[in-house]
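The values are calculated or read from the model by the stated rules, or taken from the named source; none is laboratory data. Every value quoted in this text rests on a predicted model; they were computed, and no experiment measured them. Cβ: placed from backbone, ideal geometry, glycine included. Neighbour counts: every protein chain shown.
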Amino acid sequence: MNSWLDQVRLDHALRKLQHEDKKAWGEIYQLLYPAIFRYTFSLVKDYYQAEDITQEVFIRIEKYKKRYVPGTNVKAWVYQMTKNLIYTKLRQKKELVIEEEKLDFLIHQEYLKPTTDLSFVNDALNCLTEKEKQVVTLHLYGGLKHYETAKVLHLPYSKVRSIYAYALTKIRKKLGGKL
Amino acid sequence: MNRRLEKKLKKSLDVYLPNEYYKKKDMHFVYLYASIFTLFGLSFFIQPITLYFDSDLYLPVTAMRVDWHEETTVDEHPIWHEDGKTKYQYQQNKDTLTITYQKENPVYLIIQKQELPLSQETKSSNIGGVTVYLAYQSDIYQAIWKQDEYTIIVQMNSNRNQFIQEIKYIMEENLS
């Protein structure tokens with residue numbers, strides 16, 4: 001995936017969208033949907049809720065498209081919106097911590113690929129602080145570069161890198177046996 | 001080290017995306033079509049059996065035996081043969097061999113060289129690939145068929161299924 005090229009394509013598509021060119025949705029959807037869905041799913045751990053939130057992100061893009069400043073970082077803008085939406089939803093439902101029973105239920109869902117191991121993800125993310133979790137999920141599941149994550153979280157780039165490295169060390173220590 | 005952990009974390013959350021998920025093949029239809037195809041294939045190997053029972057064809061064994069008794073000399077001492085629980089009685093006359101035995105009900109098996117007078121219009125049944133003429137009268141089932149130059153007559157007082165099974169048994173044993 002070429003991040004710079006994606007950035008240019010997204011910026012171009014959003015400019016077209018601002019001029020009410022609905023055809024731009026195809027490109028926006030193709031470039032953003034998989035990463036936003038995976039990022040959302042990694043945090044909410046509920047397939048259908050992740051789907052709803054991802055849809056709502058696109059509704060918000062349509063609603064607030066005029067607020068986007070052309071030439072700025074599209075991904076940072078979209079993920080900022082996604083992050084806020086996820087935490088609003090989770091706060092509303094008080095589901096910041098996923099229950100073990102729910103996880104067992106999810107493991108048997110047919111949308112999980114044979115390689116999926118939600119318990120591993122759950123264990124890995126639960127040992128992190130909220131900020132570390134944000135940095136890790138935005139990078140790994142949202143596909144953001146560290147400088148993009150820094151923009152979304154309003155943190156210095158070097159800080160994001162050190163948080164990420166520290167988070168991975170924590171996960172490795174916690175799940176050393178499973179690696 | 002970090003690369004391996006990142007790879008593992010990414011792979012651990014490998015789910016079908018909603019748009020991929022709806023495209024995912026529904027295996028139920030594959031199983032359904034496979035079952036229909038298999039049954040269709042098997043249907044070529046299944047030969048439907050239609051049995052015609054004609055009461056006019058019925059030949060009372062006792063009467064026949066009396067007729068033969070008059071025409072030929074009956075063995076004074078019939079041969080007995082035991083096979084497990086079943087006891088067979090062989091009675092050899094000039095052109096007729098009568099085998100009588102009892103499993104659940106008595107079975108009369110007559111093998112004779114002469115032709116049976118059956119008209120062309122008589123409806124036949126197919127049992128095990130052999131053309132068999134069936135008759136039914138007063139709870140007695142009768143089957144007649146040709147084997148080589150012999151005519152085989154089986155009479156049995158039983159139910160229909162037992163009777164058909166017995167005919168198949170006799171055919172498989174090849175009357176040896």
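Selection of first residues in the stretch A:50-76 that are on the phi < 0 side of the Ramachandran plot and of second residues that are among the polar types (S, T, N, Q) and surrounded by 16 or more Cβ atoms within 10 Å (Cβ to Cβ), restricted to Cβ pairs under 6 Å at least 6 apart or on distinct chains, gives the following pairs, ordered by first then second residue: A:Ala50/A:Thr40; A:Ile53/A:Thr40; A:Thr54/A:Thr40; A:Val57/A:Thr82. Looking only at the stretch A:123-149, residues that are in a helix (DSSP H, G or I), away from every other protein chain (no Cβ under 14 Å) and surrounded by fewer than 21 Cβ atoms within 10 Å (Cβ to Cβ) come to 3 in all.
Would you check which residues across the stretch B:122-139 are over 12 Å from B:Ile164 (Cβ atoms) and either small (Gly, Ala, Ser) or touching an Asp or Glu at 6+ places or on another chain (Cβ under 6 Å) (or both) and list them? Matches in the stretch B:122-139: B:Ser124, B:Gly129, B:Ala135, B:Ser138. Picking from residues in the stretch A:70-114 that are modelled with pLDDT under 80 and among the polar types (S, T, N, Q), the one that is surrounded by the most Cβ atoms within 10 Å (Cβ to Cβ) is A:Gln109. Got a number for residues in the stretch B:163-176 being surrounded by fewer than 16 Cβ atoms within 10 Å (Cβ to Cβ) and either in contact (Cβ under 8 Å) with a residue 12 or more places away in the chain or closer than 15 Å to B:Val132 by Cβ (or both)? Here the count works out to 5.
Of the helices (runs of 4 or more DSSP H) that lie entirely inside the stretch B:2-110, those containing 1 or more residues that are modelled with pLDDT under 80 span B:18-23, B:27-43, B:61-71.
Restricted to the stretch A:150-170, and to residues that are of a type in the set (S, T, N, Q) and within 14 Å of another protein chain (Cβ to nearest Cβ), which residue is nearest to the chain's Cα centre (by Cα)?
This residue is A:Ser162.
Here B:Gln142 meets each of (1) out of contact with any Lys or Arg (no Cβ under 8 Å at 6 or more places or on another chain); (2) in contact (Cβ under 8 Å) with a residue 60 or more places away in the chain; (3) farther than 19 Å from B:Asp56 by Cβ with one exception, condition (3).
Considering (1) in contact (Cβ under 8 Å) with a residue 12 or more places away in the chain; (2) surrounded by fewer than 17 Cβ atoms within 10 Å (Cβ to Cβ); (3) closer than 22 Å to B:Thr50 by Cβ, the lone condition that B:Gln102 does not fulfil carries the number (3). From the list A:Arg91, A:Arg67, A:Arg38, A:Arg60, the lone residue that is within 14 Å of chain B (Cβ to nearest Cβ) and basic (Lys, Arg) is A:Arg38.
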